Amino acid sequence: MFLYRTILICTLLLVTFFGAHHLSKFKKTKPLKPLSTFPTKIGEWSGEVQRFDQRIYDVLGVDDFFLCDYHSSEGRIINLYIGYYESQREGELIHSPKNCMPGAGWNITRTSVTTIKIPNGNPGKIHVIKLILQRGKDRQVVLYWFQSRGRIISSEYWQKIYLVIDSILKRRTDGSFVRVIAPISDSEKETETYVKSFIQRIFPILEQYLPGP
């Protein structure tokens with residue numbers, strides 16, 4: 001494991017070194033549809049569009065975004081955030097929750113990668129990053145991934161590597177970040193189950209908004 005991580009980090013540094021100067025030379029790729037039109041009614045979930053403070057968007061550097069609190073008839077709550085970048089360059093790269101959440105007072109108590117089946121989808125399953133957050137007595141399940149240029153990426157390392165590779169081979173640096181959060185009210189397992197069910201519903205919709213390969 002140590003050798004694998006060492007090789008991965010070295011590869012990332014080398015690729016970044018040789019490809020960094022490419023990141024400012026590419027045309028912008030717009031989303032297929034404006035994220036403001038993302039549906040607020042998804043199955044039994046009804047959403048209310050939200051917005052971060054403008055200074056947060058300034059720091060994130062996103063070109064388009066969608067933030068919404070969805071409520072189910074059973075009283076469950078899910079927060080969905082989609083951030084889209086038409087072109088990534090130094091200072092305007094996708095931010096990881098692993099850096100942002102601690103700054104908001106949340107402690108990351110556990111991180112892992114989990115699998116979600118996508119019925120009738122291509123691919124038939126996706127791998128996403130799972131975080132368990134805690135602040136005082138409050139706990140949250142966070143599932144997120146990077147959806148960039150046709151790839152579903154569940155690694156911050158590989159997100160950066162693919163960014164440089166695609167900037168050279170595809171001359172594209174567009175990308176998006178999708179994050180789903182739900183408070184843990186009963187059990188972690190139950191919360192994760194309905195969050196995954198929600199993601200199964202939105203994944204085909206995301207493909208109508210986020211550019212493919």
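Of note:
- Residue ID - farthest from Leu60 (Cα to Cα), chosen from residues in the range 98-122 that are assigned to a helix (DSSP H, G or I) and modelled with pLDDT under 75: Pro102
- For the range 146-167, a tally of residues being under 11 Å from the mean Cα position of the chain (by Cα) and basic (Lys, Arg) returns 0.
- The residues listed here are Arg139, Arg149; of these, the one that is over 14 Å from Lys196 (Cβ atoms), among the basic types (Lys, Arg) and buried (at least 19 other Cβ atoms within 10 Å of the Cβ) is Arg149.
- Residues of the range 61-79 classified as within 16 Å of Pro97 (Cβ to Cβ), touching an Asp or Glu at 6+ places or on another chain (Cβ under 8 Å) and buried (at least 19 other Cβ atoms within 10 Å of the Cβ), total: 1
- Look at the range 158-171: where a residue is free of Cβ contacts under 8 Å to residues at least 40 places away in the same chain and a partner is aliphatic (A, V, I, L, M), sitting 6+ places away or on another chain with Cβ atoms under 9 Å, you get Trp158/Leu8; Trp158/Leu12; Tyr162/Ile153.
- Among the residues making up the range 164-175, those that are outside any loop (DSSP other than H, G, I, E, B), in contact with a helix residue (DSSP H, G or I) (Cβ under 8 Å, 6 or more places away or on another chain) and not aliphatic (A, V, I, L, M) are Ser167, Gly175.
- Of all the residues in the range 124-145, those that are under 17 Å from the mean Cα position of the chain (by Cα) and either of a type outside the set (A, V, I, L, M) or not in a strand (DSSP E or B) (or both) number 6.
The values are calculated or read from the model by the stated rules, or taken from the named source; none is laboratory data. These numbers were taken from a predicted model, which means no experiment stands behind them. For neighbour counting, all protein chains shown are included, and Cβ atoms are generated from backbone atoms with ideal geometry for every residue, glycine included.
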